[in-house]
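The values are calculated or read from the model by the stated rules, or taken from the named source; none is laboratory data. The structure presented is a predicted model; accordingly, all values stated were derived computationally and were not measured. Ideal geometry is used to build each Cβ from the backbone, glycine not excepted, and the neighbour counts take in all protein chains shown. Each accessible area value is taken on the protein alone, full model and side chains, heavy atoms only, with ligands, DNA and RNA left out. Shrake-Rupley method; radii C 1.70, N 1.55, O 1.52, S 1.80 Å.
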Amino acid sequence: MSGIALSMRKINSTITIPENVRDAIMGIVKRFRDRGYECYLIGGSVRDLILGNEIYDYDFATDARPEEIMKLFRKTIPTGIKHGTVSVLSGDWQFEITTYRSDGKYIDGRHPETISFSNDLRTDVERRDFTINGLAYDPVTGEIIDHVSGKRDIERGIIRTIGDPVSRFTEDGLRPIRACRFAAKLNFEIEKSTLNAMSGTLDAARKVSMERIRDEFIKILESEKPSIGIEYLRTTGLLELFLPELAECHDVSQNRYHIYDVYFHSIYSCDAAPKDRMEIRLAALLHDIGKVPTRQPGTGGDFTFYNHEVIGAKIARKIMKRLKFSNEQIDVVTNLILNHMFHYTDEWTDGAVRRFIRKVGLDNIENLFTLRMADRKGNGARKGLPAPIERLKKRIEQVIEEENAFSVKDLDINGNVIMDEFGLKPGPIIGKILNELLELVLDNPEMNERQQLIDTSREILARIESGAGPTD
Ligand code: ATP
Ligand code: MG
């Protein structure tokens, strides 16, 4: 991925603002003009209008000061007033309008110590990160103002810092990670001196908080081809800073079933998962993360990875905690990793199918199949799910339709009934009885009937009280 692709992309030479937002944008710009201020669309939205990409945020830059912006519009929120940003509400839209500014000295590798407002668009553009993010557009005249040759870089598909890359990355260590994000999102290449500076300024990147890194990393996972961004992260040394476990998978060879090493198989599986399913993408990226510590020589030069799904789920939990993902996200992803090795055959009994549903959880089954599909695609040649798994899907649907019990909650009895019936106090014994009942019901769904369950509980209780172990 080194070198610059000189082929020009097809880009929009004239910008058209989508119909549904045009009036709102014109209204804002004209209001500034009427009062003698400048106002331009700026940054990512101009870039994406030129590229014809979908746009979620429209940002504006103006020479009006924040307090003046707040006077000009009825509905405003002082979102980032310290840095000169005011949000303006117009219809269903919320726009961020930021006063031209230049940033003072950076203190902590992340934030400027001071900012000063400016009357000059060029000053404002020069504090921005990449040339492709430095364009301004005047929707009234249709003029694109390009102080940093950003249009040329968009045409060529190049990410390049505005100004000297080493100093720009030393100022703010998040920028190198943003470069990887834009490379993945736009399928662009990072220009050589910018790329070199990314490996040379890792100390600045080390100072960035895990939350900020996570937010950029999530955007990489949501892009068309995350592998592009992740590969830039790895080759520059950035990946090592927050996800060393994945970097270590590089060059770890597998066995005759795999043409890729563990690392490339992981990033290609991630590409193959649906882009709007971030958790599945993350599970795909980390599903084989346990292969490094479990790798053992097998026969004929091959390697085995016994239990890698269990170790992998633990490692993934540690990684996701480090990156401050929510407990809910951690549970979904680690559950998928833990269960990704299931091996279905037609010999599975209905009880085995129900046990599988119980283990994976009803809500996560579809995700597990989607992960399996991505895992297969990430392997090179194979596509789709093999026939036995399609049959397992059918059987799961059948079993679900029969409204069987999959968890203690689904039993036709609960802890209170058992306590009343046998005069027991709350305690672990209740859970023990319920779990044994569930095990029986998973194999014999017809047993899920209140009176039968009470009778069976009596037998289980008698056995527990006599100190005997379970019957099977
Ligand atoms: P996206 O479409 O993903 O939102 P974006 O380019 O709008 O992409 P934002 O993070 O929303 O990215 O930032 C808006 C603009 O602010 C950028 O285009 C860039 O001009 C500037 N910017 C954002 N973060 C930085 C930074 N860390 N350093 C310098 N400029 C930045
Ligand atoms: Mg944006």
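Of the helices (runs of 4 or more DSSP H) lying entirely inside the stretch 177-256, those carrying at least 1 residues that are farther than 30 Å from Gly301 by Cα and among the hydrophobic types (A, V, I, L, M, F, W, C) are 192-200, 202-206, 210-221, 226-236, 239-242. Within the stretch 349-396, the set of residues being among the hydrophobic types (A, V, I, L, M, F, W, C) and open to solvent by 40 Å² or more (accessible area, probe 1.4 Å) comprises Leu362, Met373, Ala381, Ala387. Only helices (runs of 4 or more DSSP H) whose full extent lies in the stretch 2-73 are considered here, and the ones with at least 1 residues that are surrounded by fewer than 22 Cβ atoms within 10 Å (Cβ to Cβ) and in contact with a Cys (Cβ under 9 Å, 6 or more places away or on another chain) are 19-34.
Yes/no matrix, rows are residues, columns are (1) more than 12 Å from ligand 1 (Cβ to nearest atom); (2) over 21 Å from Leu282 (Cβ atoms):
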site: Arg178; (1), (2): no, no
site: Phe182; (1), (2): no, no
site: Thr194; (1), (2): yes, yes
site: Ser199; (1), (2): yes, yes
site: Val208; (1), (2): no, no
site: Asp215; (1), (2): no, no
site: Ser223; (1), (2): no, no
site: Ile230; (1), (2): yes, no
site: Leu233; (1), (2): yes, no
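Please specify each residue of the stretch 448-463 satisfying the condition of being in contact with an Asp or Glu (Cβ under 9 Å, 6 or more places away or on another chain) and of a type in the set (A, V, I, L, M). Across the stretch 448-463, the qualifying residues are Leu453, Ile454, Ile460. Here are the criteria: (1) part of a helix (DSSP H, G or I); (2) at pLDDT 90 or above. Tell me which single one Asp412 does not satisfy. Every listed condition holds for Asp412 apart from (1).
Within the stretch 167-176, the set of residues being away from ligand 1 (no atom under 12 Å from the Cβ) and not in a helix (DSSP H, G or I) is empty. Scan the stretch 45-60 for residues that are over 18 Å from Thr99 (Cβ atoms), modelled with pLDDT of 95 or more and near ligand 2 (Cβ under 10 Å from one of its atoms) and report the count. Number of matching residues: 2. Sort out which residues of the stretch 101-143 are in a loop (DSSP other than H, G, I, E, B), in contact (Cβ under 8 Å) with a residue 24 or more places away in the chain and over 24 Å from Glu211 (Cα atoms), and write them in order of number. Correct list: Ser118, Asn119, Asp120, Gly134, Leu135, Pro139, Val140, Gly142. Every test in (1) without any contact (Cβ under 8 Å) to a residue 40 or more places away in the chain; (2) part of a helix (DSSP H, G or I) is passed by Leu385 save one, and that test is (2). Listed by first and then second residue, the pairs linking a residue in the stretch 38-55 that is touching a residue at least 12 places away in the same chain (Cβ under 8 Å) and within 7 Å of ligand 1 (Cβ to nearest atom) to a residue that is among the basic types (Lys, Arg) and open to solvent by 10 Å² or more (accessible area, probe 1.4 Å), with Cβ atoms under 7 Å apart and 6 or more places separating them unless they lie on different chains, are Gly43/Arg128. Candidates in the stretch 146-166 are the residues that are of a type in the set (A, V, I, L, M) and in a helix (DSSP H, G or I); of these, the one that is least open to solvent (accessible area, probe 1.4 Å) is Ile154. Only residues that are farther than 17 Å from Val29 by Cβ, open to solvent by 20 Å² or more (accessible area, probe 1.4 Å) and assigned to a loop (DSSP other than H, G, I, E, B) were counted in the stretch 76-100, giving 1.
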